[in-house]
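Here the structure is laid out as structure tokens; the discussion comes afterwards.
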Amino acid sequence: MNTANFCAACADHAGRRIGYAALPGLLIILMLLSGCMRGDLPRQGAMAMQTLSDMSALPQPAGAVSPPPAGEVLPLQVAVEQAAEELFANVPARYRTASRVVAVDPLVDGVTGAQTVATRTMQDLLEEHIRQKQPAYELRPLNADTLASSPVVLVGSIRGVTPNGLEPGQPVAHRIWFSLADLRTGKVIGHSMAWADAAQVDATPTGFFRESPVWVADRGMSAYLQTCLTGIGGPVPTSYLDGILAAALVAEAITAYEAGAFDDALSLYESARRTAMGNQLRVHNGLYLAQLKLGRLEEAEFAFTGLVDFGLSHKRLAMQMLFQPSSTAFLEDAAVTGQYPMWVRQLARGTDLSGKCLGLIGHTSATGPVALNERLSLARAERVRAELIEEVPLLQSRTFARGAGSNHLIIGTGRDDSSDALDRRVEFQPFACGLTA
């Protein structure tokens, strides 16, 4: 089919609903909604392949980050303690008062923005350090009442460093960043770093993040990580300050959700949604998950439409689905996969509005033979394409599938578990197909 006929076919059916069904393997489906592009389908496929390496779009440290000398790598507990001491010791005298309130905005992984076993451990150590060794600071939980006192907010992240720096791969050490954001002045008043032993860092996502169906690098998480990387005297990102109330409500909601208090969690997520910066990924994931845990399936489906709309508006949408390893068979566990048909239905309705054509690119982790990974990644992309065509037969002429194997890793540890799930994905790249070359 030539370009004109291909694009005409797309335009004729722009109002049809696009859907897909489940894939095999532990996979993440990433939808990158691009702007208008010209050219024929093979050209679009080539362009899509050029964009795969920049998936997360989350802030990174300025300049190169090289692996540390062996003597600088510390046990995790020692590294946190050292960084905590430095953090408070470096606060300039003009920002010191007789007593200040400090609250911790839950620490996150610097690659994914998720809370992990390691970040929870770090937060526990930090809070104990403040209680025991920082008498000038009163530790309070991050909530609306605490925010009324214009506290200092402690943020922090951790990120693995490989022999090639921040490139994906097996970390040889983990870099820790802490910052103190002063809500009174809008300035970062404390900053520190340390190196932690990679063997002691558990990057497994905690319950809420492990169960969240959708992943997007949104503005809120970008602002958080940028604050972590900002030096003393630098401005706290405006978007972080604007979203601090939502962040406080979300922190409470996640705690309630993981404690099984789903009614409380839902109420907190709803409150967060009503704030100025409440239109964020964690809120939409929370609204969906809390309704689902409460058995309110219709409400959960409605909440999921918010997730779809959020992802599409951010021009990318990652949806986690569990599949049998190294296979094209869907995971045989209805407790896990039972909601997938609804996900598909709502994603189909959401993408209906775009009227785009789709490029599909499959990915695998680095484990296994290269040739096998390439075949598996293509098979996964082709399977998704087949499901799309089954939903809308005319997508036969509006889609293509390619396999990237393990050439575009994001995490790259090769653990093949929930910590590196982003490496096992099929990416959707919609593009405008109603244009001529």
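Within the stretch 171-197, the set of residues being open to solvent by less than 30 Å² (accessible area, probe 1.4 Å), free of Cβ contacts under 8 Å to residues at least 60 places away in the same chain and not in a strand (DSSP E or B) comprises just one member, G186. Annotation: of all residues in the stretch 302-342 being open to solvent by 20 Å² or more (accessible area, probe 1.4 Å), hydrophobic (A, V, I, L, M, F, W, C) and at pLDDT 65 or above, the one that is nearest to L388 (Cα to Cα) is L312. Any residue at all in the stretch 281-289 that's more than 12 Å from S212 (Cβ to Cβ) and of a type outside the set (S, T, Y)? Scanning the stretch 281-289, I find no residue that is more than 12 Å from S212 (Cβ to Cβ) and of a type outside the set (S, T, Y), so the answer is no. Screening the candidates D218, D242 for the property of being surrounded by fewer than 18 Cβ atoms within 10 Å (Cβ to Cβ) and either more than 27 Å from T162 (Cβ to Cβ) or in contact (Cβ under 8 Å) with a residue 60 or more places away in the chain (or both) yields one hit, D242. For first residues located in the stretch 406-418 and at positive phi, partners that are hydroxyl-bearing (S, T, Y) and open to solvent by less than 40 Å² (accessible area, probe 1.4 Å) and lie 6+ apart or on another chain with Cβ distances below 7 Å form the pairs G414/S365; D416/S365.
A search for C-beta distances below 7 Å between a residue of the stretch 378-402 that is among the charged types (D, E, K, R) and any residue that is open to solvent by less than 10 Å² (accessible area, probe 1.4 Å) and part of a helix (DSSP H, G or I), counting only pairs 6+ apart in sequence or on different chains, returns E391/A348; R398/C10; R402/G45; R402/A381. Scanning the stretch 252-281 for residues that are open to solvent by less than 20 Å² (accessible area, probe 1.4 Å) and hydrophobic (A, V, I, L, M, F, W, C) yields A253, I254, A256, A265, L266, A272, L281.
Taken over the stretch 281-297, the criterion of being part of a loop (DSSP other than H, G, I, E, B) and either modelled with pLDDT under 95 or small (G, A, S) (or both) is satisfied by G295 alone.
The values are calculated or read from the model by the stated rules, or taken from the named source; none is laboratory data. It should be emphasised that the depicted structure is a prediction, and the values quoted were computed from it without experimental measurement. Ideal geometry is used to build each Cβ from the backbone, glycine not excepted, and the neighbour counts take in all protein chains shown. For accessibility, only protein heavy atoms count, side chains too; no ligands or nucleic acids. Shrake-Rupley method; radii C 1.70, N 1.55, O 1.52, S 1.80 Å.
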